[in-house]
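Peer 1: Pasting a structure below so you can have a look.
The values are calculated or read from the model by the stated rules, or taken from the named source; none is laboratory data. These figures come from a predicted structure and were not determined experimentally. No Cβ is skipped: glycine too gets one built from the backbone with ideal geometry, and neighbour counts run over all protein chains shown. Just so you know, the surface numbers come from the protein's heavy atoms only, side chains and all, with ligands and any DNA or RNA stripped out. Shrake-Rupley method; radii C 1.70, N 1.55, O 1.52, S 1.80 Å.
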Amino acid sequence: QVIKCKAAVLWEANKPFSIEEVEVAPPKEHEVRIKIITTGICRSDDHVVTGALVMPFPIILGHEAAGVVESVGQGVTSIKPGDKVIPLFVPQCGECKTCLNTKGNLCSKTDLGTSGGLMPDGTTRFTCKGKAIYHFLGTSTFTEYTVVHESAVAKIDSAAPLEKVCLIGCGFSTGYGAAVQTAKVEPGSTCAVFGLGGVGLSVIIGCKVAGASRIIAVDINSDKFAKAKELGATDCVNPKDFNKPIHEVLMEMTGGGVDYSFEVIGRTDTMTAALACCQNNYGVSVIVGVPPAAQKITFDPMLLFTGRSWKGSVFGGWKSKDAVPKLVADYMKKKFVLDPLITHTLPWTKINEGFDLLRTGK
């Protein structure tokens, strides 16, 4: 059956979301239709609004969510109606070169970097006012019902509170994994985290769980420092308080640079600053923020020649289908907290207000 429901449709860039009635087609073979219970707002969604992440329009955004399976298509065996699930914007097909490699997690079936906006079979499951609406990252969670491929959904503990664990669908896992999985932060090490949004705070949680002895939080908004300290930051630094480059400030603070640095903003200038502030021979810098489209980085290659490592991390380096249920289980065992990452809870018809809060750093 086609389901008619409400969704937040973005008809074009730099415009507000429009709450529309949409038709959601039934799941095809190896697809799952999900009733979305709760969804988070992520800067990556906003990048599409501003054009920094190029996607086709009209589109239903959203990729950090939790819900309940409504129906499944033919051939779906791992999931049944009624299961609690988290959609995965990085799928895990289990068959491509990356999925088969123990080091990799960026499945070739992902829509990230291709801007396709369609299901794997090249079609869409959404229509509105007779027009086909594009999907976002194979998830599209700003809607009451969505359809995802079986490789892009993880079944989770039925006791998990969906309004908290939805963060494991993107922000939390991305930051936490960048620290514990991509950088592999060690006990006693020194870390610097640039950007204290939800993902940056999740990096701090990861550094702390990994046993870092010093965690320096960097942001131009000092209002973010109290929460960073609550979650484990030992020092907070505002670049605006200094009349020299921030990497020099951090070099001096640490006597030669941090062991690990994380750029969790998505700006090229902070990416090079994060690289420059880590120890020149064995420092590791991880790019976690989505880089802006059509921008290039210029940097002195001597920064790398001396031995630093520069790495990227998508979804925290986790193999999504395997890791998400385990991360939910870890949350249930109180291995980490999620509550401090949630600043506001709004009815989803107030999605535009939610984005205003994001853009004003609240």
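Peer 1: Of all residues being touching a residue at least 60 places away in the same chain (Cβ under 8 Å) and open to solvent by 80 Å² or more (accessible area, probe 1.4 Å) in the range 349-362, which is nearest to THR141 (Cα to Cα)? Just the residue, please.
Peer 2: Going through the qualifying residues, I end up with THR349.
Peer 1: Separate question: Of all the strands (runs of 3 or more DSSP E) wholly in the range 1-73, which have at least 2 residues that are of a type in the set (Lys, Arg)?
Peer 2: Counting at least 2 such residues, we get 3-9, 31-39.
Matching residues to (1) of a type in the set (Val, Ile, Thr); (2) without any contact (Cβ under 8 Å) to a residue 12 or more places away in the chain; (3) farther than 27 Å from GLN92 by Cα:
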site	(1), (2), (3)
LYS6	no, no, yes
LEU10	no, no, yes
ILE19	yes, no, yes
ALA25	no, no, no
HIS30	no, no, no
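Peer 1: In addition: Out of all the residues in the range 327-362, which are among the charged types (D, E, K, R), closer than 30 Å to VAL258 by Cα and assigned to a helix (DSSP H, G or I)?
Peer 2: Those that are among the charged types (D, E, K, R), closer than 30 Å to VAL258 by Cα and assigned to a helix (DSSP H, G or I): ASP330, ASP339, ARG359.
Peer 1: Separate question: Can you pull out every residue in the range 321-336 that is surrounded by 16 or more Cβ atoms within 10 Å (Cβ to Cβ) and of a type in the set (A, V, I, L, M)?
Peer 2: Residues satisfying the conditions are ALA323, VAL324, LEU327, VAL328.
Peer 1: For the range 177-186, does any single residue satisfy the condition of being outside any helix (DSSP H, G or I), without any contact (Cβ under 8 Å) to a residue 24 or more places away in the chain and more than 21 Å from the chain's Cα centre (by Cα)?
Peer 2: No: the range 177-186 contains no residue that is outside any helix (DSSP H, G or I), without any contact (Cβ under 8 Å) to a residue 24 or more places away in the chain and more than 21 Å from the chain's Cα centre (by Cα).
Peer 1: In the range 69-102, how many residues are out of contact with any helix residue (DSSP H, G or I) (no Cβ under 6 Å at 6 or more places or on another chain), touching a residue at least 60 places away in the same chain (Cβ under 8 Å) and farther than 20 Å from LYS28 by Cβ?
Peer 2: Here the count works out to 2.
Peer 1: Only one residue in LYS240, LYS224 is out of contact with any helix residue (DSSP H, G or I) (no Cβ under 7 Å at 6 or more places or on another chain), in contact (Cβ under 8 Å) with a residue 40 or more places away in the chain, more than 26 Å from GLY307 (Cα to Cα) and not in a loop (DSSP other than H, G, I, E, B), so which one is that?
Peer 2: Just a single option satisfies the conditions, and that option is LYS224.
Peer 1: Take the range 187-212 and flag every residue that is part of a helix (DSSP H, G or I) and either at pLDDT 95 or above or open to solvent by less than 30 Å² (accessible area, probe 1.4 Å) (or both).
Peer 2: Step one: list which residues in the range 187-212 are part of a helix (DSSP H, G or I), which gives 198-209.
Scanning the range 187-212 gives VAL199, GLY200, LEU201, SER202, VAL203, ILE204, ILE205, GLY206, CYS207, LYS208, VAL209.
Peer 1: Among PHE315, PHE355, which is the only one that is under 17 Å from the mean Cα position of the chain (by Cα), modelled with pLDDT of 95 or more and either small (Gly, Ala, Ser) or more than 21 Å from SER151 (Cβ to Cβ) (or both)?
Peer 2: PHE355
Peer 1: Separate question: Give me the pairs, please: first residue somewhere in the range 285-297 and open to solvent by less than 30 Å² (accessible area, probe 1.4 Å), second residue anywhere and small (Gly, Ala, Ser) and part of a strand (DSSP E or B), beta-carbon distance under 7 Å, and either six or more positions apart or on two chains.
Peer 2: So the pair list comes out as SER285/SER261.
Peer 1: Could you please find all residues in the range 263-284 being farther than 18 Å from GLY197 by Cα and either among the hydroxyl-bearing types (Ser, Thr, Tyr) or open to solvent by 80 Å² or more (accessible area, probe 1.4 Å) (or both)?
Peer 2: Passing the criteria: THR272, ASN281, TYR282.
Peer 1: Just checking, does the range 52-63 include any residue being in the same structural domain as LEU112 (by the TED database), at positive phi, touching a Ser or Thr at 6+ places or on another chain (Cβ under 8 Å) and open to solvent by less than 70 Å² (accessible area, probe 1.4 Å)?
Peer 2: Let us first name the residues in the range 52-63 that are in the same structural domain as LEU112 (by the TED database), namely 52-63.
Then drop every residue that is not at positive phi, which leaves 62.
When the remaining residues are screened for being touching a Ser or Thr at 6+ places or on another chain (Cβ under 8 Å), the result is 62.
Checking the rest, the ones that are also open to solvent by less than 70 Å² (accessible area, probe 1.4 Å) come to 62.
Yes.
Peer 1: Within the range 90-100, is even one residue closer than 23 Å to TRP318 by Cα, touching a strand residue (DSSP E or B) at 6+ places or on another chain (Cβ under 9 Å) and open to solvent by less than 20 Å² (accessible area, probe 1.4 Å)?
Peer 2: First pass over the range 90-100, keeping only residues closer than 23 Å to TRP318 by Cα: 90-100.
Filter again for touching a strand residue (DSSP E or B) at 6+ places or on another chain (Cβ under 9 Å), leaving 91-93.
In the following step, the residues that additionally are open to solvent by less than 20 Å² (accessible area, probe 1.4 Å) were identified as 91.
There is at least one residue in the range 90-100 that is closer than 23 Å to TRP318 by Cα, touching a strand residue (DSSP E or B) at 6+ places or on another chain (Cβ under 9 Å) and open to solvent by less than 20 Å² (accessible area, probe 1.4 Å).
Peer 1: Just one of (1) over 21 Å from LEU53 (Cβ atoms); (2) touching a Gly at 6+ places or on another chain (Cβ under 7 Å); (3) buried (at least 17 other Cβ atoms within 10 Å of the Cβ); (4) of a type in the set (Gly, Ala, Ser) trips up ALA154, so point out which.
Peer 2: (2)
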